[in-house]
Structure formats: C-alpha cells, structure tokens
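Here's the structure we're looking at; comments come further down.
The values are calculated or read from the model by the stated rules, or taken from the named source; none is laboratory data. Treat the numbers as computed from the prediction; the structure is a model and nothing was measured. Ligands, DNA and RNA are excluded from the accessible area calculation, which covers all protein heavy atoms including side chains. Shrake-Rupley method; radii C 1.70, N 1.55, O 1.52, S 1.80 Å.
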Amino acid sequence: GGSPLADEAAPSTRSALSAEEASPGVYRLVHAAAIGPSVHLGQLHALVPPGTIVEALEVVHNTSDMRLRARISSPEEGWISLADTATGARWAVREGPLPPRTFAAEPPAVTPAAAPAAAATALGS
C-alpha cells in the first residue's frame, strides 16, 4: 500500500526499515522512549526504560516528524517512537508478532462434538 509519491520521497526509509519492522508486534526498547498522547511528536507524559517489552498495537510512519510511531497500551496508553526514519536510529527492535488474543466479546468457537451437548443444556434450562 501507500502512494507512489511517499515511496519516492523517502527511498532510504524502505531499506532502513523492513515491512515487518514497521508492523504491529512485540518490541523491546533499546533506549528510553517517551510516551505521548498522539501519533505526532509533542507533549510527553511518561518515560519507558530500556529493556521494557511493549506491544505495538498499531504502527504508523509519521512522515512529517520522520518517525515510525507505535500505539501501545502498556505500561501506559499512548504513542512511542520506534525509529527515526531520517537517521535510522531506533528506540525499539521488533521481537515478534503480537500474541493471539481472546476477547470477552467473542465467545470461544464451539467444537462440533460439544455443540449438541451445549444446545441440549440451553434447551433444558
């Protein structure tokens, strides 16, 4: 995805950061990273120390600030910089994909073997 103009404007960015490195996943901070309320640089409300493992739920290449930014939910909700796309400096390295999630809103899939018993229980109550 992305517009051809963006690719032409920053060819070095594509070689510096692979598509996988610019995607949601589990990241380990190699330098302290400041958490801000927005994808854009600005006001900061917390500092995450090096060595912290964070889950990047969303990763955005913020071209105006020349940063690869990630939305995290822990240790605090907000946005951190993963990398400086101009210099290649990094605040975090990708360790792997996000772990599978189980959401309370989505009940676990019922296996075919359990379906008749579950239906009978529901009817019997």
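Quick notes on this structure:
- Amide H partners (placed H, <5 Å) of Arg67, local residues excluded: Asn62, Thr85
- Note on Arg94: accessible area is roughly 60 Å² with a 1.4 Å probe, heavy atoms of protein only.
- Accessible area of the stretch 46-102 belonging to carbon and sulfur atoms, whole % at 1.4 Å probe: 54 percent
- Gain upon complete extension [His31, Gln43; 0.36 nm per residue less C-alpha separation]: 2.5 nm
- Around the amide H of Ala46, modelled in the peptide plane, lie the amide H atoms of Ile35, all under 5 Å away and 5 or more residues distant in sequence or on another chain.
- Accessible-area rank, largest first, for Ile35, Ile53: Ile53, Ile35, with all protein chains present and a 1.4 angstrom probe.
- Cα gyration tensor, the stretch 20-60 - rounded (a/c under 1.5), prolate or oblate: oblate
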